[in-house]
1. Which residue pairs have Cβ atoms under 6 Å apart, sit 6 or more places apart or on different chains, and have a first residue in region B:116-130 that is without any contact (Cβ under 8 Å) to a residue 60 or more places away in the chain and a second that is assigned to a strand (DSSP E or B) and surrounded by fewer than 24 Cβ atoms within 10 Å (Cβ to Cβ)?
2. Being farther than 19 Å from residue B:282 by Cβ, facing chain A (nearest Cβ under 9 Å) and at pLDDT 95 or above narrows it down to one of B:79, B:40, so name that one.
3. So how many residues does region A:221-276 have that are touching a helix residue (DSSP H, G or I) at 6+ places or on another chain (Cβ under 6 Å) and assigned to a strand (DSSP E or B)?
4. Can you tell me how many residues in region B:43-71 are more than 8 Å from every other protein chain (Cβ to nearest Cβ) and in a loop (DSSP other than H, G, I, E, B)?
5. Within region B:277-288, count every residue that is part of a loop (DSSP other than H, G, I, E, B) and in contact with a helix residue (DSSP H, G or I) (Cβ under 8 Å, 6 or more places away or on another chain).
6. Quick one: count up the residues across region A:164-185 that are touching a strand residue (DSSP E or B) at 6+ places or on another chain (Cβ under 6 Å), buried (at least 20 other Cβ atoms within 10 Å of the Cβ) and not in a strand (DSSP E or B).
7. Could you tell me whether region B:17-30 includes any residue that is more than 10 Å from chain A (Cβ to nearest Cβ) and free of Cβ contacts under 8 Å to residues at least 60 places away in the same chain?
8. Can you tell which of B:74, B:152, B:137, B:120 is more than 8 Å from every other protein chain (Cβ to nearest Cβ), at pLDDT 95 or above and buried (at least 24 other Cβ atoms within 10 Å of the Cβ)?
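The values are calculated or read from the model by the stated rules, or taken from the named source; none is laboratory data. Keep in mind that this is a model prediction, so the values were computed, not measured. Ideal geometry is used to build each Cβ from the backbone, glycine not excepted, and the neighbour counts take in all protein chains shown.
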């Protein structure tokens, strides 16, 4: 229910981090590209196949250390339907290795259309009575600008299929304040969005007191992270902006609760491109990614409370 | 430049409407589905092939009457990468018939990631020096919640490739006001988003005084449509919510300027499902769609000024 599955994976691995798989072709070692271009041609299919090989090798090296991956839909769409096929196969492979998959699509629409996105990414598509998972992720990032009509179609599906969503609240980018920081009668735009997340999630609570409605809150704004951790205690955070974007571990620590839970911190380029940063042989890209996730785990866990699952109501009925 | 190409198509056809291609499998006649399921199986491929056949037949029947189509990405993603291939082929087919294509994806992200979406939907993907259009639409709907970092990556690409974007401002759904109508210091959230559209577009102006940055403003809120038409005079509107969602022609008229320009009104189900509404033979679905677009054109043009291209600066230098 809700993010329970993710929270338990985090506790088992003692690691509240997620690796963003945002594979620009520039990040893929030349020897992989050469091989795929030779086989499929220098086209979208060749590119998509090279990216899949790259992703799988990274997944192999991180799946025993990191609980989750976060593929960013944009980098797959850039390679057309062949790229989108690689997104599907990446998700499928990560799940076969026991990883939790958050598709970062920031999808948004209303009613039946939002239902279609929910079905596509988290549910089962009905083809004349046959139910097929189109992409099969565990969670999806979404944008709440359209209000409840854009979120409600996801909630029942999350409940029925044990899935979760992360709504953009305070994003990590420099210009996020242009709209998100503006002052409303009694809060800010991002504060209001956070309240809405708490409300949307209130009937979809997991056993660790985090609901199926999470929030994206950037590592680059530690004050707002701290504010939102207090204001939205049942909302699990996906925290981008650590590493390449400038967010450090000390700031990120504000996203966590007293059990070292309540958030998962993303790093994309810092892991995928670790071999470039280290000037390592390109054939060592995956082992460099492994070293980078070990370093990241150490960095984050050094500044947060020891990760432990809180007693649930069932285990100790007196905690109510 | 900007929306000039779309505006000229609207003027030639005297028709400021766009057909939304949001093809749920339920909308596709059974005889098409039976044929494709028999050939490809009752799976995502079979479904995607059926939808493509449906779309092409509708495009054939409307391309001499309607200037544009608006495929909704969600309904293609619902059928996995096979569905996304149908999106690509639908766009390609509509363009081959001379139509303008607005991909309704409501995409949003920042920096390099938004650049990837821009490249995917409006640009050319670089595969080791070979430039390939991944989807090749003329315009894309986007969500501006992340501020300038989410829009800037699109602007140069629009300029270089003669493309446009539509930013969500005031959406047509019932709960759009939960966030969008909230009051800021001197405007509303949607009013602020409209101002941002004017600002983003100011350096990307077309010859008919509409910029490359359009806005989505729903037909279901005529007062706000009127307000935004005045407040954002250089912002071309994409108007959803006409027909099935309850917006009528009288309300929609507020979206237009004194030349009958400044907006394009969408209808999806009212066209795609015209044959179901008329209880017609399912084999007549495309001809029913043709009748429906003729009716829609008559309905909208009856309440707006006669469509005429304004004199441009080049034609009459004194109008400055």
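1. Filtered contacts from region B:116-130: B:119/B:125; B:124/B:131; B:125/B:132.
2. Numbers: B:40 fails: facing chain A (nearest Cβ under 9 Å).
Residue meeting the stated conditions: B:79.
3. Adding up the residues that qualify gives 6.
4. Filtering region B:43-71 down to residues more than 8 Å from every other protein chain (Cβ to nearest Cβ) leaves B:45, B:48-71.
Still in the running and in a loop (DSSP other than H, G, I, E, B): B:63-67.
Number satisfying all stated conditions: 5.
5. The initial filter retains those residues of region B:277-288 that are part of a loop (DSSP other than H, G, I, E, B), namely B:278-281.
Among the residues that remain, those that are also in contact with a helix residue (DSSP H, G or I) (Cβ under 8 Å, 6 or more places away or on another chain) are: B:278, B:280-281.
Summing the residues that are part of a loop (DSSP other than H, G, I, E, B) and in contact with a helix residue (DSSP H, G or I) (Cβ under 8 Å, 6 or more places away or on another chain) in region B:277-288 gives 3.
6. Going through region A:164-185, the residues touching a strand residue (DSSP E or B) at 6+ places or on another chain (Cβ under 6 Å) turn out to be A:164-170, A:180-181.
Subsequent filtering for residues that are buried (at least 20 other Cβ atoms within 10 Å of the Cβ) retains A:164-170, A:180.
Within this subset, residues satisfying the condition of being not in a strand (DSSP E or B) are A:180.
The total comes to 1.
7. So far as region B:17-30 goes, yes, one or more of its residues are more than 10 Å from chain A (Cβ to nearest Cβ) and free of Cβ contacts under 8 Å to residues at least 60 places away in the same chain.
8. Values: B:74 fails: more than 8 Å from every other protein chain (Cβ to nearest Cβ); B:152 fails: buried (at least 24 other Cβ atoms within 10 Å of the Cβ); B:120 fails: more than 8 Å from every other protein chain (Cβ to nearest Cβ).
None of the other options fit; the residue is B:137.
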